[in-house]
Amino acid sequence: MRRLLLPLPLPCLLLPPLLLLLPAEVRCTIACTEDCSPENVTAETRTSSNDNLSVNSTSGNKTYGGGKSSGDVSLSDGAISDWNNVTQPSMVFDLKAEYVGVTSVNLTWQNDTASSVYKYRIEVVNGTSVRNLTSYVTKAEITELIPGTLYNFTVFAITNNGETEGEGVSISLYTKSSPVLDLKAEYVGVTSVNLTWVVNDTASSSYTYRIEVVNDTSVWNLMSNVTEVKITELLPGTMYNFKVFARPVNNMSEEEGLSISLYTKPSAVLNLKAEYVGKNSVKLTWAVSDAASNSYTYRIEVVNGTSFWNLTSNVTEVEITELIPGTLYNFTVFAVVADGLTEGEGLSVRWYTKPSAVLNLKAEYVGKNSVKLTWAVSDAASNSYTYRIEVVNDTSVWNLTSNVTEVEITELIPGTMYNFTVFAITNSGETEGEGVSICLYTGACEHEY
């Protein structure tokens, strides 16, 4: 066989430019104008047609010249690889989450200049399921996700014919957890608050919770692994805002928190005492030690055996009027914060009002050594009264007691001036009314009046 180095015939020149660049050996058999019938003329290092070539095959057949000549074309492995590299889409890059929500994620990415002819497959994977979405632009909103769950998103570029797909690029992230529900204070104290809440996410067993504590002067955070928390070291009578955030396992994807605002209770008042006790009125005073007390008001609860009522004071004292003489009252003072609802523990004091002065004191009998006195009372509470009778002359003073509205005073000195004063005393024996007096001489003889 005679090997000639000839220009390629027209059919071989029709091979696509791409194959002309491939490092393949091409053998073309052509019609001869000379006497070459017994000879095969092979053109070496030339280009070939791929009319009947598959990208995935290493050989093909080309017929040309009206069927006058045909030849086999073989492609090396390097040629096939180069072909595949040319047609496979580039990997996407700069894949990121523009938005992460409770049940949705917005992804964006970039691609090469040929991306206008691409579409994209987005593979969505969590621990229990896999699904695919398609996008014709370099972004995708992925919805119907599970709150607080880890997802892996992989984006593949695909040629428009849908047959060739590039290598995927992935991003993993947690969806945000749902906001907590039913946040409430189970207990509010002077320096502590107990909060509880609920969550309804299926992934909530792995959640932790951040509790943000805010007052006018400071902010701090606590963590809890359960749906409750006790917050301590608070200031009495102070407004706090408590906000609870649910956090998935990554401790990053927080949804908007749920808030509750409330006052801690004020401290109990101190040193409650009666500055004045009258028959119809009592004046009380007290003290407070809380830093927030300049905004406090005070509720004074007034109770006797048959009724109760409340008074309010903006200062640490109160005068309570229209009381019943000689009656036991219980006075309880509560500090109340600015909301008008939250009040501290009450401090109480019990006092009897003074009895009224006795009426119509007179001597029923005056003798040499004795005097009989009588009187009257008008108070409703007088059935529980006792009476102190003070006996005074120029040289001595002594007292007698009676449970009724009369008394006989004996062992007096004949012909001597005495002053007798009668005081009504309440049941406690501690509170007595104003005294009423009568002066008279014992006589040398006995007298009836």
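The values are calculated or read from the model by the stated rules, or taken from the named source; none is laboratory data. Predicted model only: the values in this text are computed from it and were never measured. Methodologically, a virtual Cβ is constructed for each residue, glycine included, from the backbone with ideal geometry; neighbour enumeration extends over all protein chains shown.
Return the residues of region 188-205 that are touching a strand residue (DSSP E or B) at 6+ places or on another chain (Cβ under 8 Å) and over 23 Å from Thr149 (Cα atoms); say none if nothing qualifies.
Let us first name the residues in region 188-205 that are touching a strand residue (DSSP E or B) at 6+ places or on another chain (Cβ under 8 Å), namely 188, 192-201, 204.
Scanning region 188-205 gives Val188, Ser192, Val193, Asn194, Leu195, Thr196.
Does region 378-385 include one or more residues that are charged (D, E, K, R), under 30 Å from Trp286 (Cβ atoms) and loosely packed, with under 14 Cβ neighbours inside 10 Å? Step through it out loud before you land on a result.
Step one: list which residues in region 378-385 are charged (D, E, K, R), which gives 379.
Checking which are under 30 Å from Trp286 (Cβ atoms) leaves us with 379.
Pick out the ones that are also loosely packed, with under 14 Cβ neighbours inside 10 Å and you get none.
The answer is no; no qualifying residue exists.
So Thr431 ticks every box in (1) modelled with pLDDT under 95; (2) in contact with a Gly (Cβ under 7 Å, 6 or more places away or on another chain) but one. Which box is left unticked?
Failed condition: (2).
How many residues does region 139-157 hold that are part of a loop (DSSP other than H, G, I, E, B) and modelled with pLDDT of 95 or more? It would help to see each step written out before you state the result.
First, the residues of region 139-157 that are part of a loop (DSSP other than H, G, I, E, B): 143-149.
Those left that are additionally modelled with pLDDT of 95 or more: 143-145.
Matching residues across region 139-157 total 3.
Need pairs with beta-carbon distance below 6 Å; first residue assigned by TED's automatic domain parsing to the domain that holds Tyr151 and within region 95-113, second in a helix (DSSP H, G or I); sequence gap 6+ or separate chains.
Note: no pairs meet the criteria.
Within region 357-378, does at least one residue satisfy the condition of being within 53 Å of the chain's Cα centre (by Cα) and either free of Cβ contacts under 8 Å to residues at least 24 places away in the same chain or in a strand (DSSP E or B) (or both)? So that I can check it myself, show each step before the final result.
Step one: of region 357-378, the residues within 53 Å of the chain's Cα centre (by Cα) are none.
Looking through region 357-378, none of the residues is within 53 Å of the chain's Cα centre (by Cα) and either free of Cβ contacts under 8 Å to residues at least 24 places away in the same chain or in a strand (DSSP E or B) (or both).
In region 123-138, is there at least one residue being of a type outside the set (Gly, Ala, Ser) and within 21 Å of Glu256 (Cα to Cα)? It would help to see each step written out before you state the result.
Filtering region 123-138 for residues of a type outside the set (Gly, Ala, Ser) gives 123-126, 128, 130-134, 136-138.
When the remaining residues are screened for being within 21 Å of Glu256 (Cα to Cα), the result is none.
Within region 123-138, none of the residues are of a type outside the set (Gly, Ala, Ser) and within 21 Å of Glu256 (Cα to Cα).
Look at region 165-197 and say how many of its residues are more than 28 Å from Asn126 (Cβ to Cβ) and part of a loop (DSSP other than H, G, I, E, B).
4
Applying the selection to region 206-225, what residues are assigned to a loop (DSSP other than H, G, I, E, B) and touching a strand residue (DSSP E or B) at 6+ places or on another chain (Cβ under 6 Å)? So that I can check it myself, show each step before the final result.
Initial filter on region 206-225 (assigned to a loop (DSSP other than H, G, I, E, B)): 207, 215-218, 225.
If the condition is that a residue be assigned to a loop (DSSP other than H, G, I, E, B) and touching a strand residue (DSSP E or B) at 6+ places or on another chain (Cβ under 6 Å), then Tyr207, Asn215, Asn225 are the ones that fit.
Would you check which residues across region 379-394 are outside any strand (DSSP E or B) and in contact (Cβ under 8 Å) with a residue 40 or more places away in the chain and list them? It would help to see each step written out before you state the result.
Residues of region 379-394 outside any strand (DSSP E or B): 379-385, 393-394.
Once the filter is applied, which keeps residues that are outside any strand (DSSP E or B) and in contact (Cβ under 8 Å) with a residue 40 or more places away in the chain, region 379-394 yields Asp379, Ala380, Ala381, Ser382, Ser384, Tyr385.
Among the residues of region 196-207, are any surrounded by 18 or more Cβ atoms within 10 Å (Cβ to Cβ) and among the acidic types (Asp, Glu)?
Among the residues of region 196-207, at least one is surrounded by 18 or more Cβ atoms within 10 Å (Cβ to Cβ) and among the acidic types (Asp, Glu), which makes the answer yes.
Table: residues versus (1) modelled with pLDDT of 95 or more; (2) surrounded by fewer than 15 Cβ atoms within 10 Å (Cβ to Cβ); (3) farther than 26 Å from Glu233 by Cα; (4) not assigned by TED's automatic domain parsing to the domain that holds Ser348.
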| site | (1), (2), (3), (4) |
| --- | --- |
| Glu275 | yes, yes, yes, no |
| Trp286 | yes, no, no, no |
| Asp290 | yes, no, no, no |
| Val318 | yes, no, yes, no |
| Asn330 | yes, yes, yes, no |
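Which of the residues spanning region 236-267 are of a type in the set (A, V, I, L, M) and surrounded by 20 or more Cβ atoms within 10 Å (Cβ to Cβ)?
In the first step, residues of region 236-267 are kept if they are of a type in the set (A, V, I, L, M); the result is 239, 244, 246, 249, 252, 258, 260, 262.
If the condition is that a residue be of a type in the set (A, V, I, L, M) and surrounded by 20 or more Cβ atoms within 10 Å (Cβ to Cβ), then Val244, Ala246 are the ones that fit.
Kindly check whether there is at least one residue in region 260-278 that is within 23 Å of the chain's Cα centre (by Cα) and of a type in the set (A, V, I, L, M).
First pass over region 260-278, keeping only residues within 23 Å of the chain's Cα centre (by Cα): 260-266.
Those left that are additionally of a type in the set (A, V, I, L, M): 260, 262.
Yes, there is a match, as at least one residue in region 260-278 is within 23 Å of the chain's Cα centre (by Cα) and of a type in the set (A, V, I, L, M).
Out of everything in region 122-138 that is assigned to a loop (DSSP other than H, G, I, E, B) and of a type outside the set (Phe, Trp, Tyr), what residue ends up being surrounded by the most Cβ atoms within 10 Å (Cβ to Cβ)?
Keep residues of region 122-138 that are assigned to a loop (DSSP other than H, G, I, E, B), which gives 126-129, 136-138.
Pick out the ones that are also of a type outside the set (Phe, Trp, Tyr) and you get 126-129, 137-138.
Values: Asn126: 15, Gly127: 10, Thr128: 7, Ser129: 9, Val137: 12, Thr138: 18.
Among them, the one singled out is Thr138.
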